[in-house]
Amino acid sequence: MPQPGKLRRQVAGAYRQSKRSSVVVYVVLRVLVILCMVRQFTVGSYHYVLLCALSLLLMTIPLILKSTLRICMPNALEIAVVGFVFAAEILGEIGNFYGALPFWDTMLHTMNGFLAAAVGFGLIDLMNTHSKRMQMSPFFVALVAFCFSMTTGAVWEIIEYSIDRGFGTDMQKDSVVQQISSIQLNPAGDNDPIVIDGVAYTVLYDESGAALWQVEGGYLDVGLNDTMEDLIVNFAGAAVFSVLGGLYVYRRDKYGFAGGFIITRDGEPGAGPNIRDGERSLQE
């Protein structure tokens, strides 16, 4: 484990070696986060100050990986990761883009599925290209990357659920629905669900019968729709990159788009031998 001073020098060296476009994005977004942190401190929103500090730390991860583990993120992936952190934490949470723009959460979860698949793909691709004992097919590499992305998405939903239940937050956003279907409403206790359609509003009562709240427009679904929509769009993002990545492994010279999002070892080119070259070398 490098000492703090050595780690700072390694990160600074990795920063100097990064491409100009990623450096510009990194510096601009980092300055915006710092300005946001100062503003939140002046208005007394200290939990947002901590969120800004967390965002600054997350933005440094690509440089830390490069300096400590010799893992190099391509320019496109590095920009996407830093931009994702800014869009999710600063714009989404502090700027309330989640509330103001209904598509914001969906867009970010789709992007998360895409990027998580890229990271998983890169890890498997490193083993695939540097191991003498294993040569996985493009389909298998793509499948593992897809499963890695879906696992990441599922774990995040578990984290959201745990935080909501433990701290009374609403990370799993509620939605209002006009139809419910439940076996709990069956008076006979059978396994046949009772369907109620056209719900106009819902009234919540306390134990004494006093009305607490009236939900206009239907019945309040507590997080289920949001969770499933997040997993579905994560599925879509993961599937898109897995297909592109599988084609990249099959013919790196022809399907090079995915290569801009696949991690490599520091000092190595982004493209390695393709599957056909590996198969020919084994046959020879």
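The values are calculated or read from the model by the stated rules, or taken from the named source; none is laboratory data. The structure presented is a predicted model; accordingly, all values stated were derived computationally and were not measured. Virtual Cβ from ideal backbone geometry, glycine too; neighbours counted across all protein chains shown. What goes into the accessible areas is simple: the full protein's heavy atoms, side chains included, and nothing from ligands, DNA or RNA. Shrake-Rupley method; radii C 1.70, N 1.55, O 1.52, S 1.80 Å.
Kindly indicate whether VAL215 is closer than 30 Å to ASN128 by Cβ, of a type in the set (Val, Ile, Thr) and open to solvent by less than 50 Å² (accessible area, probe 1.4 Å). The answer is no for VAL215. Scanning segment 144-188 for residues that are more than 16 Å from LEU231 (Cα to Cα) and among the aromatic types (Phe, Trp, Tyr) yields a total of 1. If you filter segment 157-169 down to residues that are in a helix (DSSP H, G or I) and without any contact (Cβ under 8 Å) to a residue 60 or more places away in the chain, you find that the one that is surrounded by the most Cβ atoms within 10 Å (Cβ to Cβ) is ASP164. Listed conditions (1) in contact with a helix residue (DSSP H, G or I) (Cβ under 8 Å, 6 or more places away or on another chain); (2) over 27 Å from THR227 (Cβ atoms); (3) surrounded by 17 or more Cβ atoms within 10 Å (Cβ to Cβ); (4) aliphatic (A, V, I, L, M) are all met by LEU65, apart from (1). Among the residues here, LEU101 does not qualify as in contact (Cβ under 8 Å) with a residue 40 or more places away in the chain, under 19 Å from the mean Cα position of the chain (by Cα) and open to solvent by 30 Å² or more (accessible area, probe 1.4 Å). Checking each residue in segment 198-217 for being of a type in the set (Gly, Ala, Ser) and assigned to a strand (DSSP E or B) picks out only ALA211. Has segment 91-108 got any residue that is more than 30 Å from VAL23 (Cβ to Cβ), touching a Gly at 6+ places or on another chain (Cβ under 6 Å) and part of a helix (DSSP H, G or I)? The answer is no, given that none of the residues of segment 91-108 is more than 30 Å from VAL23 (Cβ to Cβ), touching a Gly at 6+ places or on another chain (Cβ under 6 Å) and part of a helix (DSSP H, G or I). Which of the residues belonging to segment 237-253 are surrounded by fewer than 18 Cβ atoms within 10 Å (Cβ to Cβ) and closer than 18 Å to THR129 by Cα? The answer is LEU247, TYR250, ARG251, ASP253. Scan segment 109-119 and tell me whether some residue there is farther than 28 Å from MET228 by Cβ, open to solvent by 50 Å² or more (accessible area, probe 1.4 Å) and part of a helix (DSSP H, G or I). Within segment 109-119 (the criterion being farther than 28 Å from MET228 by Cβ, open to solvent by 50 Å² or more (accessible area, probe 1.4 Å) and part of a helix (DSSP H, G or I)), the answer is no, since none of the residues qualifies. Filtering segment 170-182 down to residues that are open to solvent by less than 70 Å² (accessible area, probe 1.4 Å) and of a type outside the set (Asp, Glu), which residue is farthest from ASN96 (Cα to Cα)? It comes out as SER182. Taken together, ALA154, ALA200, ALA188 contain a single residue that is in contact (Cβ under 8 Å) with a residue 24 or more places away in the chain and of a type outside the set (Asp, Glu), which is ALA154.
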